[in-house]
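Shown next, in structure tokens, is the structure this report addresses.
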């Protein structure tokens with residue numbers, strides 16, 4: 001998901017923007033991945049604040065229950081109260097409720113991991129996930145984001161946008177070579193998006209995680225725009241790359257069409 005970046009000196013600000021709210025969310029968004037707990041100085045440096053300002057914001061967030069401070073290490077971490085915001089978001093998304101029975105059916109039919117994702121700027125956001133009992137890697141949970149350009153759901157959704165919009169997303173992305181198989185150049189990604197548009201599905205083979213295959217199809221809204229994507233993820237240990245399309249393309253497209261109509 002997008003984070004709010006500090007404005008450069010001299011940049012004109014939105015007159016309706018409440019800067020204190022912006023800074024509070026910058027504090028909360030700083031806690032991610034390996035930075036799940038931080039001291040005050042470390043946190044201030046990460047969000048671009050002086051220590052005094054960071055102290056005021058962290059104190060307020062502690063009082064509100066969104067941060068907690070370990071009395072021994074004096075490091076801050078987020079609390080479970082933040083989950084309420086995510087809960088409110090998920091329950092406000094019609095597509096999640098509509099898609100659930102189809103995702104459950106797909107999970108039982110394939111015995112593989114099935115996901116529902118949304119497109120958020122240049123990222124995909126996982127909003128529903130049914131893990132395969134064969135899945136060993138559980139790092140991806142609801143709320144996880146990944147770059148759209150190197151994931152099957154991302155390419156599937158981009159392929160159903162007008163091409164100029166899809167290209168704009170690619171150009172706004174930081175194209176990183178996550179593995180030796182990552183498609184990370186503008187021209188190659190545009191070609192991949194066009195291929196996916198013709199096929200009706202997108203694939204990714206070891207592009208973000210090694211030895212991981214994914215196939216996805218976009219779910220369309222009533223305006224004919226991609227609303228989400230459903231994908232099946234499988235390990236190379238269970239399915240060779242050349243088996244993915246014959247086994248899963250038809251059923252993942254059928255699921256996406258059914259959710260779209262629903």
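The values are calculated or read from the model by the stated rules, or taken from the named source; none is laboratory data. The structure presented is a predicted model; accordingly, all values stated were derived computationally and were not measured. As a convention, Cβ positions derive from the backbone with ideal geometry for all residues, glycine included, and neighbour counts pool all protein chains shown.
Results, tabulated for the structure shown:
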| quantity | calculated |
| --- | --- |
| Selection count, the stretch 182-194, where residues are touching a helix residue (DSSP H, G or I) at 6+ places or on another chain (Cβ under 9 Å) and more than 20 Å from residue 123 (Cβ to Cβ) | 1 |
| Test for residue 157: is it under 16 Å from the mean Cα position of the chain (by Cα), in a helix (DSSP H, G or I) and modelled with pLDDT of 95 or more | yes |
| Count - residues of the stretch 177-202 that are surrounded by 18 or more Cβ atoms within 10 Å (Cβ to Cβ) and in a helix (DSSP H, G or I) | 5 |
| Some residue of the stretch 211-220 being more than 26 Å from residue 135 (Cβ to Cβ), modelled with pLDDT of 95 or more and assigned by TED's automatic domain parsing to the domain that holds residue 156 | yes |
| The listed residue being modelled with pLDDT under 90 and farther than 27 Å from residue 254 by Cβ, out of 89, 57 | 89 |
| Residue list for the stretch 143-154, restricted to those being farther than 16 Å from residue 220 by Cβ, part of a helix (DSSP H, G or I) and out of contact with any helix residue (DSSP H, G or I) (no Cβ under 6 Å at 6 or more places or on another chain) | 150, 152 |
| Subset of the stretch 155-176 that is free of Cβ contacts under 8 Å to residues at least 12 places away in the same chain and more than 17 Å from residue 220 (Cβ to Cβ) - its residue that is surrounded by the most Cβ atoms within 10 Å (Cβ to Cβ) | 168 |
| Residue 254 assigned to a helix (DSSP H, G or I), free of Cβ contacts under 8 Å to residues at least 24 places away in the same chain, within 22 Å of residue 98 (Cα to Cα) and in the same structural domain as residue 126 (by TED's automatic domain parsing) | yes |
| Residues that are in contact with a helix residue (DSSP H, G or I) (Cβ under 9 Å, 6 or more places away or on another chain) and either closer than 17 Å to residue 158 by Cα or assigned to a loop (DSSP other than H, G, I, E, B) (or both), drawn from the stretch 208-219 | 208, 214, 215, 216, 217, 218, 219 |
| Number of the exception - residue 222 against (1) assigned to a loop (DSSP other than H, G, I, E, B); (2) farther than 19 Å from residue 96 by Cβ | (2) |
| Sole exception among (1) modelled with pLDDT of 95 or more; (2) under 10 Å from the mean Cα position of the chain (by Cα); (3) surrounded by fewer than 19 Cβ atoms within 10 Å (Cβ to Cβ) for residue 144, by number | (1) |
